[in-house]
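Inspection log for the structure reproduced underneath, given as structure tokens.
Throughout, read-outs are computed from the coordinates displayed, never taken from laboratory work. Treat the numbers as computed from the prediction; the structure is a model and nothing was measured. Using ideal geometry, Cβ is built from the backbone for each residue, glycine included, and neighbour counts are taken over all protein chains shown.
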Amino acid sequence: MYKCKTQIQMVKNMLEIITSMLEMLSPMSKILVPTLWLCFAAYAAWYYTSAKKYAPLAREEVRILWKIHKQNVGCEAKKWQEIRRKDKIVGFECECGYKHVQKRPIAASKPASHVGQVSPVFYKMHTTYESE
């Protein structure tokens, strides 16, 4: 006789194999699931705390940030030094010991430039309605 299998028999056989595999994994899931969650939590913590790159600043921005620092803290310092990474200014160090380094997440994109574009709100605010 021929060993002929219909598609239904093949699907049933595959389902039996899958269920037997899941039964084998069920005792391991007590260890596997918490381990996977722990790995995910560790990765998330790393990403949100240290997965950042330096963001370049203009010299004028650094000067303004230093002035804001002086006003907020009441700092009496007269000088500040640039902090550079790869020939770009990324922050400053004040004479008082305060350091500011500008960082942004790796996934952050550059901000969109909307200079010269006028929003519809502008037109609503600046148009005059002609009275009849």
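Numbers for the structure displayed
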read-out	value
Entries of 53/78; 52/88; 52/78 with Cα pairs more than 25 Å apart	53/78; 52/78
Residue order, fewest to most beta carbons within 10 Å, for 64, 31	31, 64
Relative contact order, percent, segment 53-105 [alpha-carbon distance under 8 Å, six or more residues apart]	41 percent
Only Lys, Arg (+1) and Asp, Glu (-1) charged, at Cβ; segment 53-105 dipole about Cα centre in debye	260 debye
3J(HN,Hα) from dihedral phi, segment 36-42, Karplus parametrisation 6.51/-1.76/1.60, rounded to Hz, x for glycine, proline	5, 5, 5, 4, 5, 5, 5
